[in-house]
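In what follows, a structure is listed as structure tokens, so that the remarks can point back to it.
Nothing in this text is a laboratory measurement; each read-out follows from the coordinates by a stated rule. Everything numeric in this text was worked out from a predicted model, so none of it was measured. Cβ: placed from backbone, ideal geometry, glycine included. Neighbour counts: every protein chain shown.
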Amino acid sequence: MALLRFDNVTKAYAGSAPALSDVSFSVEEGEMLFVTGHSGAGKSTLLRLVHLSERPSRGTVLVDERNLAKVRGGKVPLHRRRVGVVFQDHRLLTDRSVYDNVALPLLIAGTPGSEVGKRVRAMLDKVGLLERERSLPVQLSTGEQQRVGIARAIIAQPRLLVADEPTGNLDPQLAAEIMQLFASLPALGTTVIVASHDLALVKRMRRRVLVLDHGKLADDISPEDLAA
Amino acid sequence: MSAKADTRAKPAAAERKKAGGLGSRLRAWREQHLYSLVSSLGRLASRPVATLLTVGVMAIALALPLGLGMALGNIERFSGSVTESREIGVFLQPDVTVAQARELAAVIGARADVSAVGVRTPDEGLAEFRAMSDLAGALDVLEDNPLPTVLVVQPKGDGDTLAADLRQLPQADIVQHDAAWRQRLSAWLAFGERVVQVVAVLLGLGVLLVVGNTVRLDIGARSEEIGVLQHLGATDAFVRRPFLYLGAWYGLAAGLLAGLLLLAAGLLMQGRLSALVASYGTQFSLSGPGLRGSLMLLAGAALMGWLGAWLATGHHLRRTRPVDV
């Protein structure tokens, strides 16, 4: 059973060409895949549809067999808690410590306070930032900030994680480190979709790749084909 | 779904089950409120000047109608004590003798709506007139005392019915009962109450606007944070909560300051007022809102702050929510 399925999805905005056009694919649970393409190919739109920041103009998006068209009103936040999101610009709260930033999804989900501390520290330990828990985001390097962003996205154990150009601002070495962090997540039960225009990096990861071109799904490359 | 995927799904399911108990949910709800309450207080403390200005404006807006209302209450109380003890003057016909007047006073004094009746003879009246005026010399040239015997009747109630009955007495020449004065005073007091209500509504709206605008500015400064919270799955209630507490804190502080302003104003006026009423041979002290009134003021002000913040956040959430979500 697919965790995520796009069936003939089109997303159009008034007065411009469709951002996505008749896109269909599915993602199995525990998979990690990349969505790539040139700027404006529709990568971010695709992720926004999964995260319910947008709705398709036509077609169906299903997450865990649930049609997102039927997720409305107060159910939208609940859906978003099941889908972790990592932004290119991290979007950390600058006046809160690393600890407080990572704890946010747990507070939102109503996790008891006694448990929050344990889980946040365990997560910071996992991303190598336990010693920086009291630091403010501005006191961290760009790579460290992105690791905080990832820790925040996965602390509530989402079924699905979407990351939009998470290495866009990082140097190649840091980008590789971040990608290794993403690659470790499927083993923890999180399905990962990463949008990136960095083809070299994507090829090195040897994972499934969806190639978008002007909003159309131009190719769906398996890890085996990528290695060949 | 593969067996591997089933195994992976278990931790999340167990997590949901663990977090789903009513007790833990209530505990989490309490912790969320506590977090919002404390963080909003910290937010106020982090910018003391801006907070003080906002609270000051709100406090004055609250203190004005409250002060007017309290002043009106005090006037009512004072005029009530004055009107209760108002006397009815019955000026008898010139041919009624003092003895006949005393008999009539006994009859009137037996009525249930009369608390006391006094007889002021023409001689007593003349002596009183002589003492109170500068006409002593002129009075000396009068051959006869022109003043009639007067019955001074103290009514138990408002005295309107009694005065009407006294006017029917054949011995009565003029009955002086200042009902019109009291009616005019009552009308002024009723008008004053309405003015206070209108001012209270207008300034109450002002308080809502001040809180709403302050919270709106705060929301504007934190719009990115709100966006992040919404992406992380925060409900409208979660986003709104710290702002509601912020509004309530503003209201509570403004209510407290308004109460202190009224107290200070009362203390400033009491000394002069006491001297003024003492010159009329009576005593009067200003009354404040009391414990119950003070608690109602604080609760009402906090509620208004909460409402202003609710309106401001509601507007922002409606504006920033994706249209089709």
Treat every Asp and Glu Cβ in region B:87-177 as -1 and every Lys and Arg Cβ as +1, leave all other atoms uncharged, and give the resulting dipole magnitude about the Cα centre to the nearest 20 debye.
-> 320 debye
Counting only other chains, what is the mean number of Cβ atoms within 10 angstrom of the Cβ of each residue in peptide A:101-112?
-> 6
Calculate the spin-label point distance for A:Ala176 paired with B:Val107, positioning each point 7 Å from the Cα along the beta-carbon direction, and give it in nanometres.
-> 12.4 nm
log10 I(q)/I(0) for region B:223-324, Debye formula on C-alpha points only (no solvent), q = 0.15, 0.18, 0.21, 0.25 Å⁻¹, two decimals, reads -0.73, -0.87, -1.00, -1.18
Search the structure for amide H atoms under 5 Å from the amide H of A:Leu212, placed 1.01 Å from N in the peptide plane, and list their residues when 5 or more places away or on another chain.
-> A:Thr36, A:Gly37, A:Ala218
With +1 on each Lys and Arg Cβ and -1 on each Asp and Glu Cβ, and nothing else charged, work out how big the dipole of the protein assembly as shown is about its Cα centre, in Debye to the nearest 20.
-> 3340 debye
Mean projected area (nm²) from the convex hull of Cα positions in the protein assembly as shown is 39.6 nm²
Quick one: what do you get for region B:200-250 if you divide its Cα Rg by 2.2 N^0.38 Å?
-> 1.31
Near A:Lys75, which aspartates and glutamates are there with a Cα under 14 Å away, not counting those fewer than 8 places off in the same chain?
-> B:Asp236, B:Asp324
Out of A:Gly189, A:Gly168, A:Gly149 - ranked by how far each Cα lies towards the positive end of the dipole of region A:141-199, with unit charges on the beta-carbon of charged residues - the top one is A:Gly189
Per-q log10 I(q)/I(0), region B:87-177, q = 0.26 Å⁻¹ (Debye; single scatterer per alpha-carbon; no solvent) | -1.29
Per residue of B:27-36, count partner chain C-beta atoms within 10 Å of its C-beta, then hand back the mean as an integer.
-> 3
Excluding A:Val61 itself, what net charge comes from residues whose Cβ is under 12 Å from its Cβ, given Lys and Arg +1 and Asp and Glu -1?
-> +3
At q = 0.15 Å⁻¹, what is the base-10 log of I(q)/I(0) for chain A according to the Debye formula with one equal point scatterer per Cα and no solvent? Please give it to two decimals.
-> -1.01
Over chain A, what is the relative contact order in whole percent, taking alpha-carbon pairs under 8 Å and six or more residues apart?
-> 28 percent
Tell me what the protein assembly as shown gives for mean residue ellipticity at 222 nm when only DSSP H runs of n ≥ 4 count, each as -39,500 (n - 2.57), the sum divided by the residue total, rounded to 500 deg cm²/dmol.
-> -19500 deg cm²/dmol
Using 14 Å as the cut-off for backbone N distance, which residues of region A:172-213 belong to the label zone defined by a point 7 Å from the Cα of A:Glu224 along Cα→Cβ?
-> A:208
Lys and Arg at +1, Asp and Glu at -1: neighbours of A:Val162 with Cβ under 14 Å from its Cβ sum to +4
Once the dipole of the protein assembly as shown is set up from charges on Cβ (+1 Lys and Arg, -1 Asp and Glu), the residue from the list B:Gly314, B:Leu147, B:Ala110 lying farthest towards its positive end is B:Gly314
Around B:Asp173, which amide H atoms from residues at least 5 apart in sequence, or from another chain, sit under 5 Å from its own amide H, with H modelled in the peptide plane?
-> B:Phe91, B:Leu92, B:Gln93
Taking chain B, the whole-percent share of alpha-carbon pairs separated by over 39 angstrom is 48 percent
Along principal axes, Cα extents of region A:144-228, largest first, whole Å | 33, 28, 26
Compare A:Thr191, A:Thr111, A:Thr60 in a GNM of chain A, Cα atoms joined below 10 Å, and give the one with the largest fluctuation.
-> A:Thr111
What percent do you get for the relative contact order of chain B when only Cα pairs under 8 Å and 6+ apart count?
-> 25 percent
Going highest first, how would you order B:152-163, B:223-234 by mean Cβ packing within 10 Å?
-> B:223-234, B:152-163
Under 11 Å from the Cβ of A:Ala176, count the other residues' Cβ atoms, weight Lys and Arg +1, Asp and Glu -1, and hand me the total.
-> -2
Which length gain, in nm to one decimal place, applies between B:Trp29 and B:Asp236 when the Cα-Cα distance is subtracted from 0.36 nm times their residue separation?
-> 73.1 nm
Given Cα pairs under 8 Å that are at least 6 residues apart, what percent is the relative contact order of region A:1-119?
-> 23 percent
